[in-house]
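Report on the following structure.
The values are calculated or read from the model by the stated rules, or taken from the named source; none is laboratory data. Everything numeric here is computed off the predicted structure, so don't read it as measured data. Because the Cβ atoms are built from the backbone with ideal geometry, glycine has one as well, and the counts that use them run over all protein chains shown. The accessibility values were calculated without ligands, DNA or RNA, using every heavy atom of the protein model including side chains. Shrake-Rupley method; radii C 1.70, N 1.55, O 1.52, S 1.80 Å.
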Amino acid sequence: RIILDRDTLLISSVMLEDQGTYTCVAHTSLDTATAETQLIVLDVPDPPEDLQLSENQNRSVRLSWRAGASHNSPINESIVEFEENRWEPGRWQELARVPGNGTTALLSLAPYVNYQFRVVSVNAVGRSHPSKPSLRHTTPPAAPDKNPENIRVEASEPNEMVMKWEPLKPVERNGPGLEYRVSWRQRGVEVEWNEETVKKHSLTLRNTPTFVPYEIKVQAVNNLGSGPEPNVTIGYSGEDFPDAAPSGVSVEVVNSTLVKVFWFGIPRDRVHGHLRGYKVSWWKTKSMLDGKRHHPEKHFLTFVGDRNYGMIPGLDPFSEFRLTVLAYNSRGDGPESSPVVFETPEGVPEQPHSLRILNFDKDSVTLSWGRPRKANGHITGYILQYQMINETHDVGPLSDVSVTNHSTLSWRLSGLSSSTKYKFYVKACTVKGCGKPVTEEGLTMARGSEGIGKMADAVKPTQRFHPIEALEPGTEYTVRLVTKNWVDNNSIFEDVIETRGRAYAGVYDGLSTQGWFIGLMCAIALLTLLLLTVCFVRRNKGGKYSVKEKEDLHPDPEAQSIKDEIFGEYSDSDEKPLKSSLHSVDGDIKATGSADSLVDYGEGEHGMFNEDGSFIGAYSGSKEKGSVESTGSSTATFPLHA
């Protein structure tokens, strides 16, 4: 905790015990030198002690105490706190503050409270710990000194009235048996007060007239008496919905997207509550450009307070709308006024939804654009603008071209400089003016280069593919993917494609939409499927030569004897097991997937057919193909080759 480092003494976590005189002594062989300083430690005061109560009265008592050590910082305030064990035991609350270093205070007390006190001293460093509590001091009960506050009326139904107020705090009760005496009468109608005493802090009256004013009083009472005379509060019984609609609704068109609405408010006796304001609802019925009707989609704005006009922004230009107005109170909305029809004038259009640069040349380009998605009126034409962009991206003067034909969606700009980058702008216009432009940049060709048309489309970095449209049929194109500020030598991707010719495309499109052609294709597919099914069935059933029929017509005793010894009795029903049991018995014979292959059983002069053409390759053959010799036993020996 105490560190000596060369010429520094460091004390961390300073305590009161560190206070005192510090001396530094330097020694040499000749003499000694000393220096000293005084360390003063500041801390919060010690807790006050020895709390005493005196001068006991019904509503007051004097508290005295002895201050604790101030620890080198004078006490500038003492705080007296109290705790009572009847309503909120264990909760200490501030009661009084004593300025300076005073050690006594005359405390004002409330009736019917069992007090206990403690004191906290404060200096510049902070607050001390609280002192030990004093002895208990109990004050006698008395009548209430105050009445409830914040008296209000709430109601959720038209024919009821709920009166509410803030209850007294526990230390404000002044005695046992606290209750509230509620008095009310209809203002300007009743003379006598109606009265009811309740223990809770609300009272509900039913079968009251709808939204009429009442005079209300709430007085606190207990077993020892009543509080002071209460003040009168005005409240209204339950509200009902307004039963009248605003009249004289009119619309003043400010511009193509903004109108001002006027109306006459409803009479006060038709509101049936506190008027909160008016709601204006509107919906679009059709576009004046194409006459297309729209499904009603209501919008509304709320205008708070008693007013007779409002502004409706954000409307679609050149459209027909309907509008209504209603009044509302705390209960809800009243009836709507009759719809008023109004039309917004033409406005400026949105920007054209696309701009492409076609057919680059050394001194000209062709621009192609699309109509605005929202014309907001009748398109009267387009404004084309262009300007040079140099290598430092500084722009040159702006040149304008006016396209007065509203149906024109492409334009060839000539008189441009070769090998120059330009920025192009296209704006759509109505009688009200022109909208925002759509822009694109492009580079003209160098002088002496081939007059090949170029087109450019902007592609977002996140795109996976991009369709290229407006190509000529039967034409070869070079497709490049380049950076935005492109030149001829920085292509990211390049390929050559050729589009289909017009004749091919026309025939293809014509056939593909003819019913007879579609039916023919379906029939061919069905016949192909049927043929494949028949072949598959024949393959599984097998198509072998009937050896037994040939042998019955031209028997060969020697071959029959050999066959009987080796294979036993043969029949057509054993044909499939015979096929599956065939194995190579000589390395020169190649195994195949079919038992009736002619190549595997003989070549040249060792033919495998007898005189009448019978196939006997399974029973006889050349010795080179693997002979079988009978040993007189029932076992046949086969020369096998690994």
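Could you check the stretch 124-137 and list, in sequence order, the residues that are assigned to a strand (DSSP E or B) and farther than 30 Å from Gly225 by Cα?
Arg127
What about Val191, is it open to solvent by 40 Å² or more (accessible area, probe 1.4 Å), of a type in the set (A, V, I, L, M) and not assigned by the TED database to the domain that holds Glu94?
yes
May I ask you to say which residue of Val395, Val401 is in contact (Cβ under 8 Å) with a residue 12 or more places away in the chain and in contact with a Leu (Cβ under 8 Å, 6 or more places away or on another chain)?
Sole residue among the options that is in contact (Cβ under 8 Å) with a residue 12 or more places away in the chain and in contact with a Leu (Cβ under 8 Å, 6 or more places away or on another chain): Val401.
Show me the strands (runs of 3 or more DSSP E) found entirely inside the stretch 367-447 where at least 2 residues are open to solvent by less than 50 Å² (accessible area, probe 1.4 Å) and of a type in the set (Ser, Thr, Tyr). Talk me through it step by step, then tell me what you get.
On the way: elements: 381-389, 399-403, 410-413, 421-430, 438-443.
Because the criterion is at least 2 residues that are open to solvent by less than 50 Å² (accessible area, probe 1.4 Å) and of a type in the set (Ser, Thr, Tyr), the strands (runs of 3 or more DSSP E) in the stretch 367-447 that meet it are 381-389, 421-430.
Starting from residues that are of a type in the set (Val, Ile, Thr) and either crowded, with 17+ Cβ neighbours inside 10 Å or at pLDDT below 95 (or both), keep the ones in the stretch 283-318 and report whichever is nearest to Ala375 (Cα to Cα).
Result: Thr285.
Condition first: hydroxyl-bearing (Ser, Thr, Tyr), touching a residue at least 60 places away in the same chain (Cβ under 8 Å) and in contact with a Ser or Thr (Cβ under 9 Å, 6 or more places away or on another chain). Now tell me which residues in the stretch 208-244 satisfy that. I'd like the intermediate steps shown before the answer.
First pass over the stretch 208-244, keeping only residues hydroxyl-bearing (Ser, Thr, Tyr): 208, 210, 214, 226, 233, 236-237.
Then keep just the ones that are touching a residue at least 60 places away in the same chain (Cβ under 8 Å); that gives 210, 214, 226, 233, 236-237.
Answer for the stretch 208-244, where residues must be hydroxyl-bearing (Ser, Thr, Tyr), touching a residue at least 60 places away in the same chain (Cβ under 8 Å) and in contact with a Ser or Thr (Cβ under 9 Å, 6 or more places away or on another chain): Thr210, Tyr214, Ser237.
Here is a check on your reading of the model: is Ser250 closer than 18 Å to Val341 by Cβ, in a strand (DSSP E or B), open to solvent by less than 60 Å² (accessible area, probe 1.4 Å) and polar (S, T, N, Q)?
yes
Give the residue, chosen from Ser64, Ser60, Ser73, that is touching a residue at least 24 places away in the same chain (Cβ under 8 Å), under 30 Å from Ile2 (Cα atoms) and open to solvent by less than 70 Å² (accessible area, probe 1.4 Å).
Numbers: Ser64 fails: under 30 Å from Ile2 (Cα atoms); Ser60 fails: under 30 Å from Ile2 (Cα atoms).
Result of the check over Ser64, Ser60, Ser73: Ser73.
Please find, within the stretch 123-157, the residue that is farthest from Thr197 (Cα to Cα) out of those that are basic (Lys, Arg) and in contact with a strand residue (DSSP E or B) (Cβ under 6 Å, 6 or more places away or on another chain).
By that ranking, first place goes to Arg127.
It is to be established whether one or more residues within the stretch 103-123 are open to solvent by 40 Å² or more (accessible area, probe 1.4 Å), part of a loop (DSSP other than H, G, I, E, B) and outside the structural domain of Pro209 (by the TED database).
Yes, there is a match, as at least one residue in the stretch 103-123 is open to solvent by 40 Å² or more (accessible area, probe 1.4 Å), part of a loop (DSSP other than H, G, I, E, B) and outside the structural domain of Pro209 (by the TED database).
Filtering the stretch 319-344 down to residues that are part of a loop (DSSP other than H, G, I, E, B), touching a strand residue (DSSP E or B) at 6+ places or on another chain (Cβ under 7 Å) and open to solvent by 20 Å² or more (accessible area, probe 1.4 Å), which residue is farthest from Val259 (Cα to Cα)?
Pass one, the stretch 319-344, residues part of a loop (DSSP other than H, G, I, E, B): 330-332, 334-339, 344.
Filter again for touching a strand residue (DSSP E or B) at 6+ places or on another chain (Cβ under 7 Å), leaving 330, 334-337, 339, 344.
Still in the list and also open to solvent by 20 Å² or more (accessible area, probe 1.4 Å): 330, 335-336, 339.
Details: Ser330: 28, Pro335: 23, Glu336: 19, Pro339: 15 Å.
Only one residue fits best here, namely Ser330.
In the stretch 357-366, how many are open to solvent by less than 10 Å² (accessible area, probe 1.4 Å) and of a type outside the set (A, V, I, L, M)?
2
Each row is one residue, and each column tells you yes or no for (1) at pLDDT 70 or above; (2) in contact with a strand residue (DSSP E or B) (Cβ under 7 Å, 6 or more places away or on another chain); (3) closer than 30 Å to His378 by Cβ.
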residue: Gly435; (1), (2), (3): yes, yes, yes
residue: Glu440; (1), (2), (3): yes, yes, yes
residue: Thr462; (1), (2), (3): yes, no, no
residue: Phe465; (1), (2), (3): yes, no, no
residue: Asp495; (1), (2), (3): yes, yes, no
residue: Ala503; (1), (2), (3): no, no, no
residue: Gly510; (1), (2), (3): no, no, no
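A quick yes/no check of all residues on (1) closer than 17 Å to Tyr112 by Cα; (2) open to solvent by 70 Å² or more (accessible area, probe 1.4 Å); (3) modelled with pLDDT of 95 or more:
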position	(1), (2), (3)
Ile40	no, yes, no
Ser78	no, no, yes
Phe82	yes, no, yes
Glu88	yes, no, no
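Among the residues of the stretch 266-277, which ones are under 18 Å from Ser338 (Cα atoms) and either in contact with a Lys or Arg (Cβ under 7 Å, 6 or more places away or on another chain) or open to solvent by 40 Å² or more (accessible area, probe 1.4 Å) (or both)?
Residues satisfying the conditions are Pro267, Arg270.
Among what's in the stretch 169-184 and is modelled with pLDDT under 95 and within 53 Å of the chain's Cα centre (by Cα), pick the residue that is most open to solvent (accessible area, probe 1.4 Å).
Here the answer is Lys169.
Would you mind stating whether Val25 is among the aliphatic types (A, V, I, L, M), open to solvent by less than 90 Å² (accessible area, probe 1.4 Å), outside the structural domain of Ser70 (by the TED database) and not in a loop (DSSP other than H, G, I, E, B)? Please lay out each step first, then the result.
Numbers: among the aliphatic types (A, V, I, L, M): yes; open to solvent by less than 90 Å² (accessible area, probe 1.4 Å): yes; outside the structural domain of Ser70 (by the TED database): yes; not in a loop (DSSP other than H, G, I, E, B): yes.
The answer is yes for Val25.
Cβ-Cβ under 7 Å, sequence separation 6+ or interchain: first residue in the stretch 266-277 and part of a helix (DSSP H, G or I), partner open to solvent by 70 Å² or more (accessible area, probe 1.4 Å). Which pairs?
Arg270/Asp243
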